[in-house]
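Working notes, beginning with the structure itself.
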Amino acid sequence: MSHEFCSNVCSLGRFPYFGVQIGKQCFCGSSYGLHGQLSESKCNKQCTGNPEQICGGSSINSVFALHYPSNNAYTVLKNSDISVTSTMDSSWPAAAQSDADCLLQCSARANCSGAVFSKQLLACRLLPFAFPPASLTGPGWAVFIKT
């Protein structure tokens, strides 16, 4: 566990806060402060992945804010011209005429971290986490992740 590791995990879900506790636990959240602020001296556990950092204490979180760019820029994570199939749910819930249409739908939702667009199916799957689902099916798809 380290601050970087926990922040990377929480940024997949675009959470505004992450917290580390007892040197080895990571928490992601949309708010903090329910129990109030404690003295920093209570945060005294070294991070197991980086002993130069402090990762909270016993039942006490060190909390940090995450910041994301305000623009709606996307990175192409993967393109495929082959079909990928799985026994998992493989529905494509949204119709889209183009990859731009799909990304516009993603940009309009606060909980969208990326999208998968199938040019042959003219379909779009919005992703709450910046990680493609294991159940991608359909020919000619591309995965886009918000940057």
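Where a number appears in this text, it was derived from the coordinates with a stated rule and is not lab data. Quantities reported herein were computed from a predicted structural model and do not represent experimental measurements. With ideal geometry, Cβ positions are generated from the backbone for all residues, glycine too; neighbour counts draw on all protein chains shown.
Quick notes on this structure:
- Dimensionless Rg/Rh of region 32-72 - Kirkwood Rh, Rg from C-alpha atoms: 1.11
- For the pair Ala95 and Asn8, a Förster radius of 25 Å applied to the C-beta separation gives a FRET efficiency near 0.15, rounded to the nearest 0.05.
- Compactness of region 3-65, expressed as Rg and Dmax over alpha-carbon positions, Å: 10.9, 30
- Here each label is just a point 7 Å from Cα along the line to Cβ, and for Phe64 and Lys42 those points are 2.1 nm apart.
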